[in-house]
Amino acid sequence: MQLNNKVAIITGAASGIGKEIACEYARQGAKVVIADLALEAASATANEITQAGGKAIAVAMDVSNEAQVDQGVAAAVAAFGGVDILVSNAGIQIISPIVDFGFEQWKKMLAIHLDGAFLTTRACMREMIKAGKGGAIIYMGSVHSHEGSPFKSAYVAAKHGLLGLAKVVAKEGAKDRIRANVICPGFVRTPLVDKQIPEQAAQLHISEADVIKNVMLKETIDGEFTTTQDVAQTALWLAAFPSTALSGQSIVVSHGWHMQ
Ligand code: NAD
């Protein structure tokens, strides 16, 4: 039980990587707050956790909406008494060549990935500082926090931006023992990636099998996808780490696709 009685807010936790982190944290004794766009989907994850003997609540939160973020964090504090861990994980992907990329789509990407990270960080840091018990903030970056890929301009820009935010949070948070780190996964088979495979195949005029083999996994050391559990174990390690020695870092979990 590495997270006994810690309170963790995880955004985008109704699906994929966020859901796996929420389930792992709950198994490790944390009280988890499943924050996602639709209450129904968030509640389904929370129910799964409580049925397995864990503690969880669901909150409806669009991370790019200031009022919803502040209300969601307040609801978490009301239910569980504070916030010890934030996993800023909610995200989407929109693939397009830059010359065809609509400005509204670009702004939507930055709003979810960067505004969302800022708003959840601000609300949680305020609570962590008030409680005086320190805290851990984890951003879901990507190998695209370090590498570029065609057709992913907004995603790559936003994921690089998270590295900058984490460094500032690490510096500002240190006096209150608040740590900030970024996890940078390679490709993980979640709905976000499953949607991309046919889209990339159409953009590149290749088969879906070729997208997997020659685009997504081409640079890995062993041709394997990273799993949600690989990412959840990294998120557990970062959340449970006992000192501010590990702060302002990015940890790449990608089967060697990117080596730092
Ligand atoms: P997913 O589509 O399975 O889950 C994303 C979740 O975020 C969904 O439940 C969705 O409803 C939620 N979400 C979307 N917009 C939101 C908003 N405005 N407010 C609140 N919630 C919102 O995707 P995933 O693959 O689990 O992705 C999770 C994170 O991991 C993303 O930040 C993504 O960029 C990152 N990531 C994914 C991969 C991968 O290969 N799957 C690799 C590197 C990084």
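The values are calculated or read from the model by the stated rules, or taken from the named source; none is laboratory data. From a predicted model like this one, the values you see are computed outputs, not experimental measurements. A quick note on method: Cβ atoms are made from the backbone with ideal geometry, for glycine too, and the neighbour counts reach across all protein chains shown. Accessible surface is based on the protein model in full, side chains and every heavy atom, while ligands, DNA and RNA are left aside. Shrake-Rupley method; radii C 1.70, N 1.55, O 1.52, S 1.80 Å.
Things worth noting here:
- Efficiency of FRET between K167 and H205 - r from beta-carbon atoms, R0 41 angstrom, step 0.05: 0.55
- Segment 122-197-segment 30-88 distance, computed between alpha-carbon centres (Å): 18 Å
- With all protein chains in place and ligands, DNA and RNA left out, the 1.4 Å accessible area ranks M216, M1 as M1, M216, largest first.
- Computed helical MRE - 222 nm, the chain, DSSP H runs ≥ 4 contributing -39500 (n - 2.57), nearest 500: -14000 deg cm²/dmol
- Span-like helix criteria (full DSSP H runs; alpha carbon extent of at least 27 Å along the helix axis; mean Kyte-Doolittle hydropathy of at least 0.5) are satisfied in the chain by 153-173.
- Local net charge near D176, Cβ-Cβ under 13 Å (Lys/Arg +1, Asp/Glu -1): +4
- Electrostatic tally near A201: other residues with Cβ closer than 11 Å to its Cβ, Lys and Arg +1, Asp and Glu -1, net -3.
- Count Lys and Arg as plus one, Asp and Glu as minus one, and take only other residues whose Cβ is under 12 Å from that of Y25; the net charge is then +2.
- Accessible area per residue was computed with a 1.4 Å probe on protein heavy atoms; F80 scores about 40 Å².
- Accessible area of the chain divided out per residue, in Å², using a probe of 1.4 angstrom: 44 Å²
- Residues W237, W106, ordered by accessible area of protein heavy atoms at a 1.4 angstrom probe radius and largest first, appear as W237, W106.
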